[in-house]
Every structure is written in C-alpha cells, then in structure tokens.
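Heads up: the structure comes next, in structure tokens.
The values are calculated or read from the model by the stated rules, or taken from the named source; none is laboratory data. Please read these numbers as outputs of a predicted model, since none were measured by experiment. Cβ placement follows ideal geometry from the backbone for every residue including glycine, while neighbour counts extend to all protein chains displayed.
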Amino acid sequence: MIFYITILLLIITAIDFRKRKIPNPLILILFFSILAYQLTVNIHFIGHYALSFFITFILFFLLYLVRYLGAGDVKLIASLSLFFIFPLTLYYWLLIISFGVITSLAHVVYKKGCQRVSQLITRVFLFNGKGLPHTEKEEQVLSFPFSIVILIAWGVAVGWFL
C-alpha cells in the first residue's frame, strides 16, 4: 500500500509542479484507497484514523484561510493523514510544517534575495502584515508547488514511523 500511495503522490506532485493545481479526482482516488485499506486492515481503529483526518483537515484549512496553502494541498495532506494514527499524526504535521517553512523561506530568498526578505519580515512584524504581497501577480511569483513538501514529508514519515 505504501508503494501505491507513493507512486500516486509522485504523479500528483508532477502534475502540481507542471500545472500548479492538484486534480480533485486524484485526491479522491488517494483518499478512497487509503480509506479502503484502513477499513480492511485496521477496522478496529477506524475512529482514530477518522479523527486524524478531520483534525488534520481543520488545522491545515486554517493555513489555507491565511493563504499559506492551496485548497488542493489541504485536501492532499488530510487524505494522507488517514494513514497515520495519533501520536504519529502529530509528527506528520510537524514534518509538513517544518519542511514547509524551510522550503518557503528558501524559495522566497531565491526569488527575492536576502535583503528583500529581511525587509519583508520587518514590515510584517512592524506593520501588522502590510508588507505581504497584495496582488495576484506578487503572490504567484512567491508561490511554489507545495506537494513537493508533502511528498518529502510523506517519505520521511513512512521511513521513520513504519
């Protein structure tokens, strides 16, 4: 099952990298595949896996609301969380958030340079977010396919936990 999920995740990442959008049908295939697996292998703990899914969805939906993640990324992260049970879900979150912050910072430094990043951080903290990009074009320059981060976190989580 891990191999199947990884292959599907690689396909999703390639599409996201190319089109900057994660197709809903692939997320649904991933979600129902993991759900079917949990229903057949771990039926006694299905409530725990469902709780992991719903809490993950809510947590990362908040990151969508502040425009840190796209909707497809949230659905992808939540679908993969069906594979983990608490407390492993907490480590999964930690991996995604820490890899996401590191990758985002590196990407912004690459796109804008260190001096511009320090100015941006200063404006955000001193002027309550007034230094953040406000136009679609500015945001698009700083965006990147977050599914790469999700793929890395998945690989680390699976290798580490299982």
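Listing for the model above:
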quantity	calculated
Lone qualifier among Ile27, Ile22 - being under 19 Å from Trp154 (Cα atoms) and modelled with pLDDT under 95	Ile22
Condition check for Phe86: outside any helix (DSSP H, G or I) and surrounded by fewer than 20 Cβ atoms within 10 Å (Cβ to Cβ)	yes
Residues being out of contact with any helix residue (DSSP H, G or I) (no Cβ under 7 Å at 6 or more places or on another chain) and within 15 Å of Phe144 (Cβ to Cβ) - total across region 18-43	3
Which listed residue, of Ile12, Ile97, Ile22, Ile77, is under 14 Å from the mean Cα position of the chain (by Cα), buried (at least 16 other Cβ atoms within 10 Å of the Cβ) and outside any helix (DSSP H, G or I)	Ile22
Residue in region 62-72 that is closer than 16 Å to Ala157 by Cβ and in contact (Cβ under 8 Å) with a residue 12 or more places away in the chain present	no
Region 132-162, residues that are more than 15 Å from the chain's Cα centre (by Cα) and modelled with pLDDT of 85 or more	Val158, Gly159
Some residue of region 60-69 being part of a helix (DSSP H, G or I), under 16 Å from Ile150 (Cβ atoms) and out of contact with any helix residue (DSSP H, G or I) (no Cβ under 6 Å at 6 or more places or on another chain)	yes
